[in-house]
Structure formats: structure tokens, C-alpha cells
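Structure, as C-alpha cells:
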Amino acid sequence: MADSKKNILIVEDELPLTRALEIKLTRADFVVQVTHNGQEAMDALSNGKFDLIVLDLIMPIMDGFKFMENVAGKSGTPDILVLS
């Protein structure tokens, strides 16, 4: 039987919020990967497939706005639902 769990990428720099989201979503039977800025999230997108991105907009290194610009401009990027 194929694994039908949905993959979620959390992009959030506040560690308590990140941990709370990760625990809640994992308990709800999602596969969760956590990154702490837009650059880490870009790297994660290069290495994996996600069904949903939970995105903070105000972060260090690369904020959520710049992350969305980079994803939109990247050729071959599939449609991914982003919750910001």
C-alpha cells in the first residue's frame, strides 16, 4: 500500500511556534519538515515535494515575500498551496 500522507513544509523562525505546529501536524498524521528561513525552504523545495507550505512572512536571511518571488520565478515548480 502506497504512503498517502501529505507532506507539509513549515517555514518559521520562531522556535516555540515551529515546534507547536510540528507536533500538532505530526499528530494529525502529516509528514512535516521544518525550516527557519526562506533560503532553507528553497533548499528543501529542491530536495522534496510538498503538498502545503506554512510560511512566515517576516524572517531573517530570506523573508516570506522574497521566498514566494523566488518560487514563482523558478521554472518547473509545481503548484503548491501556501498558507502565510
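For the range 11-75, which GluC sites (Glu not before Pro) pass both filters: DSSP loop (anything but H, G, I, E, B) and at most 13 other C-beta atoms within 10 Å?
Glu14
Students sometimes get this wrong: rank Arg27, Arg19 by accessible area, probe 1.4 Å, all chains present, largest first.
Result of the area sort, largest leading: Arg27, Arg19.
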Whole-number accessible area per residue in Å² for the chain, which is evaluated in the context of all protein chains at 1.4 Å: 66
Area accessible to solvent at Ile61, 1.4 Å probe radius, in Å²: 140
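With Cβ to Cβ distances under 15 Å as the rule, what net charge do the other residues near Arg27 carry (K, R +1; D, E -1)? All intermediate terms of the calculation are to be shown ahead of the outcome.
Numbers: positive: Lys5, Lys6, Arg19, Lys24; negative: Glu22, Asp29.
The answer is +2.
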Whole-number Å³ per residue for the convex hull built on Cα positions in the range 7-84: 75
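Leaving ligands, DNA and RNA out of it, rank Lys49, Lys6 by accessible area with a 1.4 Å probe, largest first.
In descending accessible area the options line up as Lys49, Lys6.
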For Ser46, solvent-accessible area (1.4 Å; no DNA, RNA or ligand), Å²: 80
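The values are calculated or read from the model by the stated rules, or taken from the named source; none is laboratory data. Since the structure is predicted, the reported quantities are computational estimates derived from the model, not experimental observations. Ideal geometry is used to build each Cβ from the backbone, glycine not excepted, and the neighbour counts take in all protein chains shown. Just so you know, the surface numbers come from the protein's heavy atoms only, side chains and all, with ligands and any DNA or RNA stripped out. Shrake-Rupley method; radii C 1.70, N 1.55, O 1.52, S 1.80 Å.
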